[in-house]
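Here's the structure we're looking at; comments come further down.
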Amino acid sequence: MNGYTQDRVAYLKRLRRIEGQIRGIAKMVENDEYCIDVLTQVSAATKALEAVALGLLDEHLRHCVVQAVAEGGQVAEQKVAEASAAIARLVKS
């Protein structure tokens, strides 16, 4: 079971909203709308995706990593390394 399972419906709802934002941005580009307006919408969509990513990361740390650390051993080290790599990817983006 994944850490976000309880909030899966909420995550899907947020992702569908973001999907709509992206379609809206594509429509703006198709309609040759003002650059700054398009960039503003790109920024909003980016922030929305970042919020989803941070929520999933939080769920992962609270559920998967905590459980693995409680079990200890190689699995714990692997989960901590995965979380660290995910954090590094989020910080880079």
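The values are calculated or read from the model by the stated rules, or taken from the named source; none is laboratory data. Here the structure is a predicted model, which means the values were calculated and not measured. Neighbour counts are summed over all protein chains in view; Cβ atoms, including those assigned to glycine, are modelled from backbone coordinates with ideal geometry. Surface areas here come from the heavy atoms of the whole protein model, side chains and all, with no ligands, DNA or RNA. Shrake-Rupley method; radii C 1.70, N 1.55, O 1.52, S 1.80 Å.
If you check every pair at least six apart or on different chains, which have Cβ atoms under 7 Å apart with a residue in the range 58-78 that is among the basic types (Lys, Arg) first and a residue that is crowded, with 16+ Cβ neighbours inside 10 Å second?
62/3
Filter the range 15-27 down to residues that are open to solvent by less than 60 Å² (accessible area, probe 1.4 Å) and more than 24 Å from residue 91 (Cα to Cα), then give me how many there are.
4
Select from the range 28-73 the residues that are modelled with pLDDT under 95 and over 26 Å from residue 14 (Cβ atoms) and write down the one among them that is most open to solvent (accessible area, probe 1.4 Å).
Per the criteria, the residue is 71.
Quick check, is residue 12 exposed (fewer than 12 other Cβ atoms within 10 Å of the Cβ), modelled with pLDDT of 95 or more and not polar (S, T, N, Q)?
Against the criterion (exposed (fewer than 12 other Cβ atoms within 10 Å of the Cβ), modelled with pLDDT of 95 or more and not polar (S, T, N, Q)), residue 12 qualifies.
Within the range 4-50, how many residues turn out to be over 27 Å from residue 64 (Cα atoms) and either in a loop (DSSP other than H, G, I, E, B) or touching a Phe, Trp or Tyr at 6+ places or on another chain (Cβ under 9 Å) (or both)?
5
What single numbered condition from (1) loosely packed, with under 15 Cβ neighbours inside 10 Å; (2) in contact with an Asp or Glu (Cβ under 6 Å, 6 or more places away or on another chain) fails to hold for residue 4?
(1)
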